[in-house]
Amino acid sequence: MSIVFETSLGNFEVELFEKEAPISSKNFLEYVDDGFFDGVIFHRVIPGFMIQGGGFEPGMKQKKTKSPIKNEATNGLKNSRGTLSMARTNVVDSATAQFFVNLVDNDFLDHAGPANYGYAVFGKVSSGLEVIDKIAKVATTNRAGHQNVPAADVVITKAARKA
């Protein structure tokens with residue numbers, strides 16, 4: 001299944017790994033189908049690491065999410081450049097709607113046992129990686145108690161299944 005993201009800096013497309021990450025993929029698709037991502041921002045941008053979105057509206061207003069899902073970091077997929085992973089807190093099974101796109105190979109985010117459970121990869125940017133790289137270059141600041149927030153909002157105007 002492919003998802004098209006329209007953003008204020010251009011469009012990119014994502015292919016979901018529904019076989020390897022069925023829980024994360026289904027969860028993500030439900031948020032897409034509900035229009036949850038329309039109008040949210042990329043709220044965390046760290047060049048040479050990742051860009052993160054899916055949880056805040058402009059002004060760093062947090063959106064209400066569904067219940068957390070099971071972490072599928074044991075699926076064998078790697079946090080390599082261009083992959084999408086579920087963001088979470090320090091609690092292993094705490095991912096909801098927030099996701100990040102790896103800008104480089106982030107091996108240290110892969111599952112490495114119970115002590116370093118890792119982050120579940122569930123998709124990959126299939127086209128528009130140059131848009132991801134453009135987002136990674138925006139100027140960032142601190143805002144509302146958060147670091148690495150784009151100084152000018154980078155908005156996901158629409159996310160939808162590819163027709």
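Looking only at residues in segment 108-135 that are under 22 Å from A95 (Cβ atoms), among the aliphatic types (A, V, I, L, M) and at pLDDT 95 or above, the one that is surrounded by the fewest Cβ atoms within 10 Å (Cβ to Cβ) is A112. Contact annotation: residue pairs with Cβ atoms under 8 Å, 6 or more positions apart or on different chains, pairing a residue in segment 143-159 that is touching a residue at least 60 places away in the same chain (Cβ under 8 Å) and closer than 12 Å to G53 by Cα with a partner that is assigned to a loop (DSSP other than H, G, I, E, B) and of a type in the set (V, I, T), are P150/V138; V154/V138. When you look at A139, is it among the small types (G, A, S), within 22 Å of I23 (Cβ to Cβ) and either in contact with a helix residue (DSSP H, G or I) (Cβ under 8 Å, 6 or more places away or on another chain) or loosely packed, with under 13 Cβ neighbours inside 10 Å (or both), yes or no? For A139, the condition - among the small types (G, A, S), within 22 Å of I23 (Cβ to Cβ) and either in contact with a helix residue (DSSP H, G or I) (Cβ under 8 Å, 6 or more places away or on another chain) or loosely packed, with under 13 Cβ neighbours inside 10 Å (or both) - is not met. For segment 1-30, what are the residues that are in contact with a Ser or Thr (Cβ under 7 Å, 6 or more places away or on another chain), assigned to a strand (DSSP E or B) and among the small types (G, A, S)? Selection gives S2 alone.
To keep it simple, each residue is scored yes or no on (1) of a type in the set (V, I, T); (2) at pLDDT below 95; (3) exposed (fewer than 15 other Cβ atoms within 10 Å of the Cβ).
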position	(1), (2), (3)
N11	no, no, yes
L16	no, no, no
G59	no, yes, yes
T74	yes, no, yes
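Would segment 76-91 turn up any residue that is under 20 Å from P22 (Cα atoms), surrounded by 12 or more Cβ atoms within 10 Å (Cβ to Cβ) and either acidic (D, E) or at pLDDT below 95 (or both)? No, segment 76-91 contains no residue that is under 20 Å from P22 (Cα atoms), surrounded by 12 or more Cβ atoms within 10 Å (Cβ to Cβ) and either acidic (D, E) or at pLDDT below 95 (or both).
The values are calculated or read from the model by the stated rules, or taken from the named source; none is laboratory data. Predicted model only: the values in this text are computed from it and were never measured. Here the Cβ is made from the backbone with ideal geometry for all residues, glycine too, and neighbour counts use every protein chain on show.
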